[in-house]
Each structure stands twice: as structure tokens, then as C-alpha cells.
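K.L.:
For reference, the structure I am asking about is given below.
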Amino acid sequence: RRLLDYNSRRGLALLTVDGADRWGEPSALAAYSGNLYVVDSGANQIRRYAATANGYESPAEDWFSLSQSRDLRGAVDVGIDGAIYVLYGTGRLDKFMRGDKQAFSLEGLAQPLQQTVALYTDVDDEAKHVYVADPGAQRVVQFAKDGKFVRQFRFRQGDFLSRVADLRVDEANARL
């Protein structure tokens, strides 16, 4: 329930996050367009914080309205590109726009996702895909943003990807 900021001139600093002590079960966070998003599985809500001078000192906004259906239990990661993608440890991936769940499913994958731990996407101009780390099957899987399978990455020898915990992708330079 602490957020650190690193600046090469000032070093590490603890940022203020209003209401962090009232989070139910924070399971993932992401930054997008200057805002901080916290997936609070315990409260079944995504909290959006606007940046302030010393962190995120203003109260969070609930991203979902009370009437919008969602179930964030088991969420392990979140990625934002305008839409919010929520990944669950079971391999489920939900996509939301303006709080509404979108018709979205992962298609064309010969072997289902097994034990997912991380996802990566970025704004539309930067990343054209969604990547999912699946250490249960020792791979990283690439999907188009409509959920269609593109390809998977595996090592020919060894089990390095069985221990993957997070990932970042630089599509422009073909780096994973």
C-alpha cells in the first residue's frame, strides 16, 4: 500500500496515495495519461487517481459505476491503452471501455492459457497487440487487440519462462 517514485536527481521518495489504507485487496496497478489506476479486487472496483504535486493526494474516483457488471476476483494484472484489460490467474482476459465490459474473447489459441501472471499493452500508436505471460505453459502469448491469437514465444530448451513474473514489450524495436 505504498507507492515509490524514483527521480534521478532526487532519488527515491514515498508518494502520498489518498485512501490506500481503505483498499480491500489491491491486486494490480497501471498508469495511463497521468492517472494511476488500482485494481481493488476486494472492493470489486478499479480506482482512478489523478496526479497531484506530491503523488495522488486527491480522493480516487471509482472507475465502474454501481450498475456496471464486473467480477475482479482473481485479477493479477491490468493494462491500459484507452481500454482497460484485466488479466486473471486462470487465463481469463476482460476488456472494458468507459466501464462497460466489451464483447471480447481470446481466439485461435491451440493450448488454453494455464497460469497467467502478467500482461502488456500500451496506447494504440505504440503497441498493436496484447501480450500475456503464461508461466504454466512456459510461454508468452501475443494477441491482436480484438483477441485473435498471433503467436507465442517459447524457449527451445530450459524452463526460463516457467518463472516469468512480468513483461514489457517494445514492438518498434522488436524486443520482449
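The values are calculated or read from the model by the stated rules, or taken from the named source; none is laboratory data. Only a predicted model underlies this, so the values are computations on that prediction, with no experimental measurement involved. No Cβ is skipped: glycine too gets one built from the backbone with ideal geometry, and neighbour counts run over all protein chains shown. To get the accessible areas, we keep the full protein, side chains included, count just its heavy atoms, and leave off ligands, DNA and RNA. Shrake-Rupley method; radii C 1.70, N 1.55, O 1.52, S 1.80 Å.
K.L.:
Cβ-Cβ under 8 Å, sequence separation 6+ or interchain: first residue in the stretch 145-168 and on the phi > 0 side of the Ramachandran plot and at pLDDT 90 or above, partner open to solvent by 60 Å² or more (accessible area, probe 1.4 Å) and not small (Gly, Ala, Ser). Which pairs?
P.N.:
147/107
K.L.:
Suppose we keep only residues that are more than 18 Å from residue 33 (Cα to Cα) and within 16 Å of the chain's Cα centre (by Cα) within the stretch 114-127. Which one would you say is surrounded by the fewest Cβ atoms within 10 Å (Cβ to Cβ)?
P.N.:
Residue satisfying both the conditions and the ranking: 115.
K.L.:
With respect to residue 77, determine if the residue is among the charged types (D, E, K, R), assigned to a strand (DSSP E or B) and either more than 27 Å from residue 48 (Cα to Cα) or out of contact with any Pro (no Cβ under 8 Å at 6 or more places or on another chain) (or both).
P.N.:
yes
K.L.:
From the list 5, 81, 77, which one is out of contact with any Cys (no Cβ under 7 Å at 6 or more places or on another chain), charged (D, E, K, R), modelled with pLDDT of 95 or more and under 24 Å from residue 168 (Cα atoms)?
P.N.:
It is 77.
K.L.:
If a residue must be out of contact with any helix residue (DSSP H, G or I) (no Cβ under 9 Å at 6 or more places or on another chain), surrounded by 13 or more Cβ atoms within 10 Å (Cβ to Cβ) and either over 23 Å from residue 75 (Cα atoms) or among the polar types (S, T, N, Q) (or both), how many such residues does the stretch 128-170 contain?
P.N.:
So the answer is 2.
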